[in-house]
1. Within the range 1-59, which residues are touching a helix residue (DSSP H, G or I) at 6+ places or on another chain (Cβ under 8 Å) and over 30 Å from Ala108 (Cβ atoms)?
2. Given the criterion aliphatic (A, V, I, L, M) and either farther than 18 Å from Val128 by Cα or open to solvent by 30 Å² or more (accessible area, probe 1.4 Å) (or both), identify the matching residue among Ala42, Ala71.
3. Answer with yes or no whether Ala63 is within 12 Å of the chain's Cα centre (by Cα), crowded, with 17+ Cβ neighbours inside 10 Å, modelled with pLDDT of 90 or more and of a type in the set (A, V, I, L, M, F, W, C).
4. Looking at the structure I just gave you, is Thr32 closer than 30 Å to Ala98 by Cα, modelled with pLDDT under 95 and open to solvent by less than 90 Å² (accessible area, probe 1.4 Å)?
5. Residues that are touching a residue at least 40 places away in the same chain (Cβ under 8 Å) and not acidic (Asp, Glu): which strands (runs of 3 or more DSSP E) entirely in the range 14-122 hold 1 or more of them?
6. So which of Ser56, Ser75, Ser81, Ser106 is among the polar types (S, T, N, Q), at pLDDT 95 or above and under 27 Å from Gly9 (Cβ atoms)?
Amino acid sequence: MMRPNKPVGIVGYGVYIPRYRIAAREIARIWTDGQGGVPVDAKSVPGPDEDTITMSIEAGRSALARGGLSAAQLSAVWVGSESHPYSVKPSGTVVAEALGATPWVSTADWEFACKAGSEALTAGMGMV
């Protein structure tokens, strides 16, 4: 990774983990006829009214609170996921609006699961 000319850091972060769980043994029962190992007891699963957008909004609100920032101070709202709820409607614009970061904000949807996070961080460093 290239080194930025100016100091770059994270002032706040947020997470959201759905409250619903499915037993790992149930997943193993379906996928491997109960013959597979289960490295965890349970996996979190989104509720029927939760998706990438709703979880991103909750994580964004948490990040703003932890960082002591208002949504109006944001220059960009980027959402990374391997499963955006809409194929032609960007998640980032919906999240930015819900956070109150609009109208003067850059939005983007990042793809490829874990790579989305590292790619967005690298792009954010470039914006600074």
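The values are calculated or read from the model by the stated rules, or taken from the named source; none is laboratory data. Nothing here was measured: the structure is a model prediction, and the numbers come from that model. Using ideal geometry, Cβ is built from the backbone for each residue, glycine included, and neighbour counts are taken over all protein chains shown. The protein model used for the area step is the full one, side chains on, heavy atoms only, and it has no ligands, DNA or RNA in it. Shrake-Rupley method; radii C 1.70, N 1.55, O 1.52, S 1.80 Å.
1. Gly34, Gln35, Gly36, Gly37, Val38, Pro39, Val40, Asp41, Ala42
2. Ala42
3. Values: within 12 Å of the chain's Cα centre (by Cα): yes; crowded, with 17+ Cβ neighbours inside 10 Å: yes; modelled with pLDDT of 90 or more: yes; of a type in the set (A, V, I, L, M, F, W, C): yes.
In short, yes.
4. Against the criterion (closer than 30 Å to Ala98 by Cα, modelled with pLDDT under 95 and open to solvent by less than 90 Å² (accessible area, probe 1.4 Å)), Thr32 does not qualify.
5. Result: 76-80.
6. Working: Ser75 fails: at pLDDT 95 or above; Ser81 fails: at pLDDT 95 or above; Ser106 fails: at pLDDT 95 or above.
After ruling out the rest, the residue left standing is Ser56.
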